[in-house]
1. Could you count how many residues in region 183-209 are surrounded by 10 or more Cβ atoms within 10 Å (Cβ to Cβ), in contact with a Leu (Cβ under 8 Å, 6 or more places away or on another chain) and not hydrophobic (A, V, I, L, M, F, W, C)?
2. Does K212 satisfy the criteria of being surrounded by 17 or more Cβ atoms within 10 Å (Cβ to Cβ), within 30 Å of E170 (Cβ to Cβ) and without any contact (Cβ under 8 Å) to a residue 40 or more places away in the chain?
3. Among the candidates I125, I141, single out the residue that is surrounded by 13 or more Cβ atoms within 10 Å (Cβ to Cβ), closer than 30 Å to L290 by Cα and not small (G, A, S).
4. Report whether or not F66 is more than 30 Å from V291 (Cα to Cα) and aromatic (F, W, Y).
5. Tell me, yes or no, whether region 395-403 has at least one residue that is in a helix (DSSP H, G or I), closer than 30 Å to I125 by Cβ and without any contact (Cβ under 8 Å) to a residue 12 or more places away in the chain.
6. Suppose we filter L99, L152 for residues that are part of a loop (DSSP other than H, G, I, E, B), more than 34 Å from the chain's Cα centre (by Cα) and loosely packed, with under 12 Cβ neighbours inside 10 Å; which single one remains?
7. Just to be sure before I move on: is K278 under 27 Å from the mean Cα position of the chain (by Cα), touching a residue at least 60 places away in the same chain (Cβ under 8 Å) and part of a helix (DSSP H, G or I) in the structure I sent?
8. Take L295 and decide whether it is outside any loop (DSSP other than H, G, I, E, B) and in contact with a Lys or Arg (Cβ under 7 Å, 6 or more places away or on another chain).
Amino acid sequence: MKVQVKQLSSCKTELVVEIEVEVWKRDYDGICTKYLRQAKVPGFRPGRAPLTIIQGRYGESIRDEFLETALSKYFRQAVEAESLIPLAPPQVSEVIFSLEKPVSFKATFEVLPTLDVVSYRGLEIDQVSMEVKDEDVELAIKQLQERMAEYLPIEDRSSQLGDHVVISLEGKYATSSQADIRDEEVYCELGGADTPSEFTDNLTEAECGDVKTFKVKYPQDHPNKELAGQDLQYSVELKAIKRKQVPELSDEFAKDCGDYTSLEELKTKIRADCTEHKGKTAHSEMQSKLVDIMLAENHFEVPEALVREQLEVRVNDTMRALMMQGVDPKTLKLDWEVFQEKQREQAIHDVKAALVLEHIAEKEDIMVSEEEIEQEISRIAQSSEQSVEAVKSQLTKNKGTATINGRIRNRKSLELILSLASIKTPPGLIVQP
């Protein structure tokens, strides 16, 4: 077998493969023999028809089956001989097949680019503040109060600004082909920042049982992309009126929040949690800055196959997040191709970062132990509320253990780069809370 290698780019390779007659003929004859044994030819017992008749009757089928299996076989042999690792199946073209002559074809495929990242030691970045301010603690306590708030029913008057009303609604898009919006129980704060003014205007001074019909025009920058720029006709029934009662700050409130004896003890714990969160956030932010610096200093081409994989990961992550919120992605009628295109730039960034971190792991001989993989699997099982055995089974089917290994190696590379970095403390910055 003759193989000609041509590097089309840093991550795209072309092979021209030629297989001698005496090599490919054995495979071809094997397929002919299979047809000879299985074919039913009038006037001949099974397996007794002349081979020339078999080839005349089934020549095209024999040729197609031969090329389907042989090209794959010889491509594998060619890349192994040249020590190449394709990232995806090749694009095969210019196939030349003729009896009594060598078979040849061209195969184009992607490989990992060759990197030489040298600028990852001593990178300079600014320390990110980890200061916990009193306002941070106060905000956390306020959020805790909001989570523990009670909604008390009001039955002796109509709704007013500031009330929280329970409604059922049906919304019809004016021009979109999207499915109608229906919900039997929605909490809506009249006059609230997140409540469209049309809801406040139509539901204020209403009685339980009232049905209101009105239109809402959502702005183009609305956070819900399915509603952004859309006109909807709503039919809304007021089912209940409630008053939000936020618990007062006291020792009793602290006891209701958990195993605390006083409000001061609760505040101390919240400050400690804020300190831990700030530290993790600062740590992650500095790692991200280091990655951005390395990518800015190391330019290379990204294999499209890896970008497609990363885009698929992003789609799957989005679908899982929606389902965890109780939303069926199918009902949203999202254009996933448009979604992927919007995510493409970030996907390329993620692939580049992974390649650089993997390269550093190779240079620094960073290894991952079985214990670390087991710990990661346990963490995944806990976060997804599955058994360890179930997660292991899924990983085995999808070759996910290798993915976990790579994820941990990259994490270790990030830790190494940060430990080697030159971290400057800007004037006036409070490093420790």
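1. Going residue by residue through region 183-209, those that are surrounded by 10 or more Cβ atoms within 10 Å (Cβ to Cβ) are 183-192, 195-196, 198-208.
From what is left, the residues that are in contact with a Leu (Cβ under 8 Å, 6 or more places away or on another chain) are 183, 186, 188, 190-191, 199-200, 203-204, 206-208.
In the following step, the residues that additionally are not hydrophobic (A, V, I, L, M, F, W, C) were identified as 183, 191, 200, 204, 207.
The number of residues fulfilling the criteria is 5.
2. On the way: surrounded by 17 or more Cβ atoms within 10 Å (Cβ to Cβ): yes; within 30 Å of E170 (Cβ to Cβ): yes; without any contact (Cβ under 8 Å) to a residue 40 or more places away in the chain: yes.
Here the answer is yes, as K212 does meet what is asked.
3. Values: I141 fails: closer than 30 Å to L290 by Cα.
Selected residue: I125, the only one of I125, I141 that is surrounded by 13 or more Cβ atoms within 10 Å (Cβ to Cβ), closer than 30 Å to L290 by Cα and not small (G, A, S).
4. Values: more than 30 Å from V291 (Cα to Cα): yes; aromatic (F, W, Y): yes.
So F66 fits the description; yes.
5. Step one: of region 395-403, the residues in a helix (DSSP H, G or I) are 395-397, 400-403.
Applying the additional criterion that residues be closer than 30 Å to I125 by Cβ yields 403.
Next, only the ones that are without any contact (Cβ under 8 Å) to a residue 12 or more places away in the chain stay: 403.
Checking region 395-403: at least one residue is in a helix (DSSP H, G or I), closer than 30 Å to I125 by Cβ and without any contact (Cβ under 8 Å) to a residue 12 or more places away in the chain.
6. Working: L152 fails: part of a loop (DSSP other than H, G, I, E, B).
So the residue among L99, L152 that is part of a loop (DSSP other than H, G, I, E, B), more than 34 Å from the chain's Cα centre (by Cα) and loosely packed, with under 12 Cβ neighbours inside 10 Å is L99.
7. On the way: under 27 Å from the mean Cα position of the chain (by Cα): yes; touching a residue at least 60 places away in the same chain (Cβ under 8 Å): yes; part of a helix (DSSP H, G or I): yes.
Here the answer is yes, as K278 does meet what is asked.
8. Working: outside any loop (DSSP other than H, G, I, E, B): yes; in contact with a Lys or Arg (Cβ under 7 Å, 6 or more places away or on another chain): yes.
In short, yes.
The values are calculated or read from the model by the stated rules, or taken from the named source; none is laboratory data. Quantities reported herein were computed from a predicted structural model and do not represent experimental measurements. All Cβ positions, glycine included, derive from the backbone under ideal geometry; neighbour counts span all protein chains shown.
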